[in-house]
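The block underneath contains the structure these notes are about, expressed in structure tokens.
The values are calculated or read from the model by the stated rules, or taken from the named source; none is laboratory data. Please read all numbers here as calculations on a predicted model, not as lab measurements. Glycine also receives a Cβ, built like all others from the backbone with ideal geometry; neighbour counts cover every protein chain displayed. SASA here: full protein model, heavy atoms, side chains in, ligands and nucleic acids out. Shrake-Rupley method; radii C 1.70, N 1.55, O 1.52, S 1.80 Å.
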Amino acid sequence: MSEPKRLHPIAVVLNILKSIKELVVPFVLVFIIPGRNEGIPGWIQPLVITVIVLFLIVLAFVQWFRFTYRIEDGEFRIESGVFVRKKRYIKLDRIHSIDISEGIIQRLFQLVKVNIETAGGAQADAVLSAISKSDAERINALISAEKNLKANDSVGKVKDECDSGEEVVSASAVYEQTLPQLIFMAATSGAVGVFLSGAIAFILQFDEIIPFDRIFKNYEDFLGMGTVILTSFAIMGLLAVYALATLSMVMKYASFTVLKTEEELIISRGLLEKRQLTIPVQKIQGIRIVENLVRRPLGFSTVYLEYAGGSVEDKESLTIMLFPFIKKKHLHEKLGGILPAYQTITEMTPIPKRAISRYMLRKMIYIIPVIVVLSWFFRPWGFLSLLLLPLGLFWAYMQYKDAGWSVDGDLLLLSSHLFSKQTLIMQRSRIQSISYKKSWFQSRKELATMSASIKSGVRSRVGLVVDVEEKDCRTIESWYLPKKTVDSQ
């Protein structure tokens, strides 16, 4: 692929849609919201809109025409720029991950979008918005071959295999999400809250356009329909939102498959928008096991990869699921086939019993003032806030019960509970820092707060356990420091 190539012409349409998406909010504020255009002649708005659309079309075409890419001398080379010509050279062996996705438009033309990342940053290092599947596979093969070049005796042999279209690296399926598991996962994901809040936030953006006052000015008559009918409407609305949220999750994670090569994991999923992410195993920093309130009693969990990659522009690349929905008792076996270095069945060391009072006290500090305010200003209904007291105590007990730590060979496990139980498993060589601190109140009970961080995306993932035995913190610190001392020498 030494000759410069352009993206598929449909990239012009994608560039236009991207520009429109970025301008939609200013466009609504200036041209649509009533009261913003008083005193302006009626022909001005259509003219301005036409000029903007024509400018976006011309700009998108020039961007497509000026964008070329090629692979040459072990580098991925990109030339772009409308007014200023930009050239970017990316070493193939420096590329961390390749994200291949198929949006609706790409699928109509049998194309894919390729994001190439060298490390966690604000954005992907290279984005090919519309190329053929064969070109994407060829690029992926060349990058994999370049990474393995030091392990091969002949450079020419590797390149010949890639150019001839022969499969250089074989991949085997190590995990597949079945349809029943997928539906159960979507139904217990908690996505309904995000879906509902997103819909409400979107509607409220147009409160100047939608006549809410006129819609609800006769709410007294509406309330006259009766409590049963109103409750029925509310339940039907919630069920509709729940069904839509579940359906969106099913479509997002349909055909979820994990393939493994000798040095990489290939994760693919999606129905309408297909995505395929290639992650080098050596870039994986740890794994995170999440058990929410619904799945945990049923023995299921979700497993995430923490790896040094992803971009801020693409939020999904920062949170990579390894197992969207898996039985906890099967996790040890599945990890053995994919990431044996993170295989562990060690029991967690719980925090001491004398710490439970501190967990309870921390919750009461926040809950009691809320109960007092609600009870005083919203009597008599405000007294229902007293129910927050047993709920808060139960929440504090669950946080205390789930907090713990463990060391298993070169693995450190930290478990905590905020809204879901989370267990972070880290290799000693991947840990960036370990620290513990103690307040005056903790010192009185010989307790401390232990934390450890690893690289995750553009930031760090921190495991935190509150009120650990102080002597246990020193044990973890001594387990970690000798390794770092050897590495520094």
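Placing +1 on each Lys and Arg Cβ and -1 on each Asp and Glu Cβ, with no other charges, gives the range 307-416 a dipole about its Cα centre of roughly 700 debye.
Put a dot 7 Å past the Cα of ILE365, heading toward its Cβ, do the same for MET348, and the two dots end up 2.3 nm apart.
The mean accessible area for residues of the range 241-365, using a 1.4 Å probe and ignoring ligands and nucleic acids, is 45 Å² per residue. Scaled against 2.2 N^0.38 Å for its residue count N, the alpha carbon radius of gyration of the range 251-392 is 1.49. Expressed as a whole percent, the accessible area of the range 341-468 that falls on carbon and sulfur atoms is 66 (1.4 Å probe). Here r is the Cβ-Cβ distance between TYR397 and ARG70 and R0 is 51 Å; the resulting FRET efficiency, rounded to 0.05, is 0.25. Across the range 349-489, Cα pairs under 8 Å and at least six residues apart give a relative contact order of 19 percent. Mind scanning LYS133/LYS274; LYS353/LYS438; LYS283/LYS328; LYS86/LYS455; LYS421/LYS445; LYS133/LYS252 and naming the pairs with a C-alpha gap bigger than 22 Å? Distance filter (> 22 Å) returns LYS283/LYS328; LYS86/LYS455; LYS421/LYS445. Local charge sum around LEU298 (other residues, Cβ-Cβ under 12 Å, Lys/Arg +1, Asp/Glu -1)? Neighbourhood net charge equals +4. For the pair SER385 and GLU137, a Förster radius of 51 Å applied to the C-beta separation gives a FRET efficiency near 0.30, rounded to the nearest 0.05.
Once fully extended, how much extra length lies between LEU54 and SER375, figured as 0.36 nm per residue of separation less the alpha-carbon to alpha-carbon distance?
Stretched out fully, the LEU54 to SER375 stretch lengthens by 109.6 nm.
If R0 is 51 Å, the Cβ-Cβ spacing of LEU418 and VAL62 corresponds to a FRET efficiency of close to 0.55. When peptides 237-249, 419-431 are ranked by their average number of other Cβ atoms within 10 Å per residue, the highest-first order is 419-431, 237-249. Could you work out the relative contact order of the range 49-130, using alpha carbon pairs under 8 angstrom and six or more residues apart, expressed as a whole percent? The value is 17 percent.
Overall, the anisotropy analysis places the range 395-488 in the oblate class: the square-rooted eigenvalues a ≥ b ≥ c of its C-alpha gyration tensor yield a/c not less than 1.5, with a/b not exceeding b/c.
Please compute the modelled spin-label separation between ILE235 and HIS330, points set 7 Å along Cα→Cβ, answer in nm with one decimal. About 3.4 nm separates the two model spin labels.
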